[in-house]
Amino acid sequence: MKTLRDIWLVFLRYFGILIRNPVWVVLGVVQPVLYLVLFAPLLKSLSANPGVPAGGAYNWFVPGLLIQLGMFGAAGVGFGLIAELRGGVVERMRVTPVSRLALLLGRALRDILMLDVQAAILIVLSLPFGLKLHFDGALVVLALIALLGLLTASISYACALWLKSEDSFAPLIFTSTLPLLLLSGVLLPLTLAPPWLRNIAAFNPLSYAVDAARAVFNDHLTDVSVEKGVLISAVLALVAVALAVRSFGRALA
Amino acid sequence: MNEAKAVIETRGLRRVFKTRKETVEAVAGVDLKVWGGEVFGFLGPNGAGKTTTLRMLSTLLPPSGGEATVAGCDLLRQPQQVRERIGYVGQRGGSDPQVTGRTELVFQGRLYAMPKRAAQDRAAELLRVLELEDCADRPTSTYSGGQRRRLEIGIGLMHGPSLLFLDEPTTGLDPQSRARLWEEVRRLRKGGTTVFLTTHYLEEADALCDRLAIIDHGKIVAEGSPDELKRQVAGDVVVVGVGGDGRDALELFQRQPFVREAGAGDADGTIRLYVERGESAMPAILRLLDGAGLELKTISLTRPSLDDVFLRQTGRSLREVAA
Ligand SMILES: Nc1ncnc2c1ncn2[C@@H]1O[C@H](COP(=O)(O)OP(=O)(O)OP(=O)(O)O)[C@@H](O)[C@H]1O
Ligand SMILES: [Mg+2]
């Protein structure tokens, strides 16, 4: 009970800080929209090629974009935490009896909420392009995005607590997200990839989430790839949460 | 002051930091007692281990060795109970520049499980007492240094702790804000709160603290009330300025039985002499210099300061180390 209450308190604090500065929410939507407008049309001309799945370019591309948003939209949240570390804010909270889990989850829930709002905006904006999605399908996708957001936010916070400085945090984030993105099949189908590349991609948890989201958008809610994507994301998120909570408990800065 | 009840008691408290290159023993076995209701000061130069000690005592940092009781609870076995009973205002403050002062206070109260209404009332009360009502609803990024520091002390006081840690509460403040903060600490003391503060200002330790410990390289080198500590130095200090580098004069004085101790002073060509009674020593000093043909430039008599205590214990001047 106390933990839930603490999570809620911390969530409210960071939600309050976010809505006083909604520019971040808007910026988070801009990037996927740019992909949608400036990149997706290219795919249309590719659809005739063998190896490109059926179902229309947007029904194939938008799920990938949504997963990309879920996976990387929260990658930078650690920057804010580093500023807080420097200002002694984290220490000030850690000296109170507040639950350490709440220090992480309160923040991460705020991040997840932001991602889901952005995803919903993106889905609505894609409808005029010919995206088709059912209501329960949308819920599954939003849940999947929430799991990925929790995973990434937790990792981002844990790295921030570990590195304590933007100078080492920024390169870590940028160099680790790029290969994950390239090997996810978000931009182009992995079915086009040579076997060795496809084998590496099989180790990328993100590619399973992308497969799951695509199945949902193509009305295969019961497809095994959906269960697989959700399960893998959930397990990884759980591990990341455990790691990050430990870091909050013993943050040395 | 409340009668002799130790609010903090440490035995052999240690903390070692291991980094890739080196191992630092930041706190090297500290034994302390802080009594209920007193203002206890921790005086020491940069890197002495003040913050590290405070962070251990406030559960933020696990000790590498030793034990402690804080506010009646065992530090290692009951960290959660310790947290409920203490307030801690870190060296780096802890207020978020984007958040208003009032919001910070209420949030802090809620972290201690205060009901919303009670937290709001308490926040309003603290804002009034700390004279922050004018800026209460502005983001703290707009606060002056003194206002921010007062708010942060308010944050530490939200749940009405009986023991408050203040890590360098006045560093970087102008003299006026510093005086304002001293007043605040005295007011707390009057209300029965035990305050454990760190500082590297001698005047602050002298003016504010009932008792203090001087820490250097992770070890306590002296402990007592400011007067007791100064009495340890015993007698008076005569500072003599002579021509040249003063080495001849220093050797000369070191041979004199009426000089307890002689050492180089802060400035070049000055010598600090610790003597039993300054008034009677001065004529003897003048005669000695005259007889040895050494030029006397200045001579002054001072009562010992805490810096003399530090100097005697460590061979360095705190003023110099801090500069
Ligand atoms: N996290 C850490 N990792 C490595 N070394 C540390 C760490 N924290 C402190 N130290 C080292 O421990 C020693 C004591 O530091 P501490 O912060 O306790 O000093 P201090 O007395 O508070 O100094 P100041 O007056 O500058 O605040 C220093 O040598 C410092 O470099
Ligand atoms: Mg310090």
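Structure data summary
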| read-out | value |
| --- | --- |
| Lys/Arg +1, Asp/Glu -1 at C-beta; chain A dipole; positive extreme among A:143, A:127, A:77 | A:77 |
| Candidate lysines for bridging to residue A:44, where Cα separation is under 18 Å - those fewer than 8 sequence places away on the same chain excluded | A:132 |
| Burial order of peptide ranges B:124-133, A:35-44 (average beta-carbon count within 10 Å, highest first) | B:124-133, A:35-44 |
| Exposure proxy order (Cβ contacts within 10 Å, fewest to most) of A:184, A:45 | A:45, A:184 |
| Dipole in debye (nearest 20) - the stretch B:234-303, about Cα centre, beta carbon charges: Lys, Arg +1; Asp, Glu -1 | 180 debye |
| B:59, B:10, A:222 arranged by Cβ crowding within 10 Å, fewest neighbours leading | A:222, B:59, B:10 |
| Chain B: angle of helix B:101-111 to the longest principal axis, Cα-based, in degrees nearest 10 | 70 degrees |
| Average partner coverage of A:13-25, which counts Cβ from other chains inside 10 Å | 2 |
| Net charge of Cβ neighbours under 11 Å - reference residue B:55; Lys, Arg +1; Asp, Glu -1 | +1 |
| Under Karplus coefficients 6.51, -1.76 and 1.60, residue-wise ³J(HN,Hα) of the stretch A:157-162 in Hz, glycine/proline x | 5, 4, 5, 4, 5, 7 |
| Check: chain B dipole with +1 on Lys, Arg Cβ and -1 on Asp, Glu Cβ, in debye | 1140 debye |
| Set of lysines near residue A:2 by C-alpha distance (under 26 Å), chain-local residues within fewer than 8 positions excluded | B:116 |
| Sequence-distant residues sharing a close amide H with residue B:27 (under 5 Å, placed H) | B:15 |
| Per residue Cα convex hull volume in Å³ - calculated over chain B | 164 Å³ |
| Peptides A:229-239, A:119-129 ordered by average Cβ neighbours within 10 Å, highest first | A:229-239, A:119-129 |
| Inter-chain shielding of B:49-58 (mean C-beta neighbours from other protein chains, 10 Å cut-off) | 1 |
| Compactness relative to 2.2 N^0.38 Å, alpha carbon Rg of the protein assembly as shown | 1.28 |
| ³J(HN,Hα) computed for each position of the stretch A:117-125 - Karplus, 6.51 cos²θ - 1.76 cosθ + 1.60, integer Hz, glycine/proline x | 5, 4, 5, 4, 4, 4, 4, 4, 5 |
| Calculated diffusion of the stretch B:234-303, Stokes-Einstein form, Kirkwood radius summed over Cα pairs, 25 °C and 0.890 mPa s, µm²/s | 212 µm²/s |
| Cross-link reach list, lysines versus residue B:33, counting only Cα pairs under 22 Å and skipping chain neighbours closer than eight places | B:5, B:50, B:190, B:219, B:230 |
| Environment charge at residue A:24 (Cβ cut-off 13 Å; Lys +1, Arg +1, Asp -1, Glu -1) | +1 |
| Protection proxy ranking, peptides B:299-307, B:214-222, average beta carbon neighbours within 10 Å, highest first | B:214-222, B:299-307 |
| Mean-position separation - Cα centroids, the stretch A:85-106 and the stretch B:177-216, in angstrom | 27 Å |
| Likely footprinting exposure, B:200, A:220, fewest C-beta neighbours within 10 Å first | A:220, B:200 |
| Amide proton proximity set for residue B:164, modelled H, under 5 Å, gap of 5+ | B:87, B:194, B:195, B:196 |
| Nonlocal amide H pairs with residue B:222, under 5 Å, H built at 1.01 Å | B:214 |
| Mean Cα-pair separation over length for the stretch B:34-151, i.e. relative contact order, pairs under 8 Å, 6 or more apart, % | 19 percent |
| Contact order normalised by residue count of chain A, Cα under 8 Å, 6+ apart, percent | 29 percent |
| DSSP bridge pairs, chain B: antiparallel proportion in percent, nearest 5 | 70 percent |
| Antiparallel %, DSSP beta bridges [both residues in the protein assembly as shown], to 5 | 70 percent |
| For the protein assembly as shown, calculated [θ]222 nm from helices alone, where every DSSP H run of n ≥ 4 adds -39500 (n - 2.57) | -17000 deg cm²/dmol |
| Given charges at beta-carbon only (K, R positive; D, E negative), |dipole| of the protein assembly as shown in Debye | 1300 debye |
| Exercise: per-residue mean of other protein chain Cβ atoms within 10 Å, B:152-159 | 1 |
| Charge context of residue A:58, other residues only, Cβ under 10 angstrom, K/R +1, D/E -1 | +2 |
| Scattering profile of the stretch B:132-216 at q = 0.24 Å⁻¹ [log10 I(q)/I(0), Debye over alpha-carbon scatterers] | -1.33 |
| Percentage relative contact order, chain B, counting C-alpha pairs under 8 Å, at least six apart | 19 percent |
| Alpha carbon centroid spacing (whole Å) that separates the stretch A:121-154 from the stretch B:100-154 | 40 Å |
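Since every read-out is calculated from the coordinates, none of them should be taken as a lab result. This one's a predicted model, so the numbers in the text were calculated from it and none came from an experiment. Glycine also receives a Cβ, built like all others from the backbone with ideal geometry; neighbour counts cover every protein chain displayed.
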